Amino acid sequence: MGAKLCVGLWGTALAVAACSSGAGLAPDAGVSGDVGASGDASLDRGSAGDSGTPAASDGGDEPAGAERPATDDGPGAPDGTGPPGDAADASGDVEAAAPAPRTIGALYCPPAGTTWAPNPLPPQAQPTLVPITPPGGIMFLEGPVWLADRGVLLLSEWNGLHRILRVTPPATVDLFLADSGTNGLAVAPDGQALLIVTEAPKTTLSRLDLDDRSVQALASSFAGQPFVQPNDLVVRADGTIFFTDYEAGRLYRRAPDGQLELIASLPRANGVGLSPDETTLYLNADTRTVKYPLAPDGTVGAGSDLAGGLRGADGLAIDCAGNVFIAQNKGGSLVVMSPAGQKLGEIAGLPLVVTNAAFGGPDRQTLYITTSSALYSVHLANPGLPY
């Protein structure tokens, strides 16, 4: 397979990295989700009576779907490379070294070896109101995503007019897409599209082209049953998408080839995120944040709690050091946890209903925070991921 170019954005500079030609999103592939072993009807149970632990195929701690085929290419698998030991051809020319694996950290964070602040919160981490005034007012903000090459922040309106708003700093706002029905938004690894989940009137995982704003469904059901309320999503550098169905209490994985699989079942499955090195998957579920080990082939291991005692864990943001910023929609703050599970502090002084957060700005050190009634920002010590 010939390699294609994927564009990674750090600040406003372009960093071009070669990626596998299998890393894209397969259009229309697996739209129904009824493919492969993941179509087993035994996985398609509602969350009623769920104990709150990830679904297990054998009654143990392993999430449902743990044994499944790997994708053709792992993240960043080089194309056209020979077997180990082919260091030179007959002419004596030395082959170029294989590119380092691509991760979202490599796409959006400074190079490896950067020193991070032990605690990303300044002494007074007081968020500031961003005074945006969209037409018709603010109607419950969600799903922030920063587009570095365009220098804008996109936001979903979870209810009301169901729009996607575009914010150009410091506080200019206009309409990007009307009647979108979206909640979670994420930028595709090539920077040319958004990956979105819609709640109304359709319940889908889709791709939204940033230029012509056309929408293409990627998945709308699983095992013959439509999704109930898709909520949030995150995408690996190879195009693998993880997304949640809040009302059904489910976490799904969509492989680059379109195969859809149920990963875990937790009541009120909500915000989902990835560590910068793509070795850990995070899931918010009401009172706790669960972390799952993630293998290079996309296989998800057994979950364990990163944080507990939360008040309506909603969306989340992650900085380049791997710290997790957990929005509480019943707590009026973001709880900040280290990757090791140490609580580093809280960002408070916000309305009661805090929904989500994302890093943006020229240095990607501005944390944008969405709430039910306003948009806030705070400048932090470490840069972070754009959704």
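Tabulated values for the structure
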item	result
Subset of region 159-197 (residues that are outside any strand (DSSP E or B), surrounded by 17 or more Cβ atoms within 10 Å (Cβ to Cβ) and without any contact (Cβ under 8 Å) to a residue 40 or more places away in the chain)	HIS162, ARG163, SER180, GLY181
Restricting region 225-263 to residues that are among the β-branched types (Val, Ile, Thr) and under 15 Å from LEU274 (Cβ atoms), the residue that is nearest to the chain's Cα centre (by Cα)	VAL234
Test: residue in region 198-218 that is outside any strand (DSSP E or B), within 19 Å of the chain's Cα centre (by Cα), closer than 18 Å to ASN356 by Cβ and not hydrophobic (A, V, I, L, M, F, W, C)	yes
Within region 339-386, considering residues that are under 18 Å from the mean Cα position of the chain (by Cα) and within 15 Å of THR289 (Cα to Cα), the one surrounded by the most Cβ atoms within 10 Å (Cβ to Cβ)	ASN356
Candidates PRO111, PRO135, PRO122, filtered to the one that is free of Cβ contacts under 8 Å to residues at least 40 places away in the same chain, part of a loop (DSSP other than H, G, I, E, B), surrounded by fewer than 21 Cβ atoms within 10 Å (Cβ to Cβ) and out of contact with any His (no Cβ under 6 Å at 6 or more places or on another chain)	PRO111
Strands (runs of 3 or more DSSP E) within region 275-387 that include 2 or more residues under 21 Å from ASP232 (Cα atoms) and out of contact with any helix residue (DSSP H, G or I) (no Cβ under 8 Å at 6 or more places or on another chain)	280-285, 288-293, 304-307, 313-318, 324-328, 333-337, 354-360, 366-371, 375-379
Selection count, region 289-311, where residues are surrounded by 20 or more Cβ atoms within 10 Å (Cβ to Cβ) and free of Cβ contacts under 8 Å to residues at least 60 places away in the same chain	6
Condition met for VAL228 (closer than 30 Å to THR287 by Cβ and either of a type in the set (Lys, Arg) or surrounded by 17 or more Cβ atoms within 10 Å (Cβ to Cβ) (or both))	no
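Every number in this text was worked out from the coordinates using simple rules, so none of it is lab data. What you see is a predicted model; the values in this text were computed from it and never measured. Cβ sites come from the backbone with ideal geometry, for glycine too, and all protein chains shown count toward neighbours.
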